[in-house]
Amino acid sequence: MHCTMEDLGALRAGEASVWARRHITTCAHCQAELERLYQRVAQLKALPALHPPRDRWPVVKAALRAERTRRRRTWGTWTGSLALAATIAAVLLMQPAATNTVYAELSQAKQQSATLEDSLKQVDTDGRVLSGHAAAAVADLEDRISVLDGTLAQRAESDQDAELVKLWQERVGLMRELVSVHVTRARYVGL
């Protein structure tokens, strides 16, 4: 019967049983195993210590800021396109053929969207760090709004008024979710 790895570890630490201490003096196999254990420990200790570089934060921070700037520029482009689309839609909807109900619903949805955009601008989105979950939610909502803005820009010239109202109402819903994510994050971080 030979020493187990647990016995050899205890021998190395000086906490072995009496049997293991006696056995190691007489058994060449266990002595060889103990020597291999010492060699492994020495090899592991000889490995260089790996430490992450401490100067990487400025690079990561710059990359994050560049990504935010890119998204804002994209958002600004879509907002400009959206304003043009809204103007065209308003001109088309002011034609006598448009019903007052559809026009009122469309105007209300556009007003709500503009109000929510103003609310979003007032929230400090740069001053605080997002959690991974919140960042994913914001990115998803911004992407969905961008796609919807593209659809609105394409359909602004069409005469499908009821469908246009639904698209604007969907945009309002997405904007509400986006404002909610930012406001909720600001409340939690501000504690």
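We did not get these values from a lab; they are worked out from the coordinates using the rules stated. Keep in mind that this is a model prediction, so the values were computed, not measured. Counting neighbours? That spans all protein chains shown, and the Cβs are built from the backbone with ideal geometry, glycine included.
Note on residue 110: lysines with a C-alpha under 27 Å away, same-chain residues under 8 apart excluded, are 121, 166. Computed as a quarter of the hull surface, the mean projected area of the alpha carbon convex hull for the stretch 5-46 stands at 2.8 nm². Roughly how big is the stretch 5-46's charge dipole about its Cα centre, with Cβ charges of +1 (Lys, Arg) and -1 (Asp, Glu), in debye to the nearest 20? It comes to approximately 120 debye.
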